[in-house]
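The values are calculated or read from the model by the stated rules, or taken from the named source; none is laboratory data. Here the structure is a predicted model, which means the values were calculated and not measured. In this analysis, Cβ positions are derived from the backbone assuming ideal geometry, glycine residues included, and neighbour counts consider all displayed protein chains.
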Amino acid sequence: MVRHIFKWTIVVVQKRGRLPAYFARVFGVQVAPFVMLHDPNLNEIEVAVEKRNGKVYFAHGWEFLKNYYGIGSCAWVTLIYTNRHLFLMEIRNLHGVELNYPPNRPA
């Protein structure tokens, strides 16, 4: 399986996370209207995807990351696009230290 890695910054004051232009151009049409973001502990966050004027955004659900992961003003996120419904995610603070992810507690 081919995986595609893209990195960008989460700016938590923003309600949406804009995906890189190259990703939007090459894979944007393939991304489903809703995707799952998985962290290394297999916590899942569902995020709505908005596509406008050739740009792709993570929308509703994106702002949930701030509180769930205890992100201050900003953090680095690495996303691995595995398929149209799933991105694997790693989050680092501004100093490059990976976050302590909450334990996965299935309902």
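For this structure, a couple of remarks:
- Thr78 satisfies every condition listed in (1) among the polar types (S, T, N, Q); (2) without any contact (Cβ under 8 Å) to a residue 60 or more places away in the chain; (3) in contact with a strand residue (DSSP E or B) (Cβ under 9 Å, 6 or more places away or on another chain); (4) not in a loop (DSSP other than H, G, I, E, B) except (2).
- The one condition from (1) under 14 Å from Phe6 (Cα atoms); (2) touching a helix residue (DSSP H, G or I) at 6+ places or on another chain (Cβ under 7 Å); (3) surrounded by fewer than 17 Cβ atoms within 10 Å (Cβ to Cβ) that Val56 does not meet is (3).
- Some residue of the range 50-67 being modelled with pLDDT under 90 and in a strand (DSSP E or B): no
- The residues of the range 20-50 that are aliphatic (A, V, I, L, M) and in contact (Cβ under 8 Å) with a residue 60 or more places away in the chain amount to a single one, Leu42.
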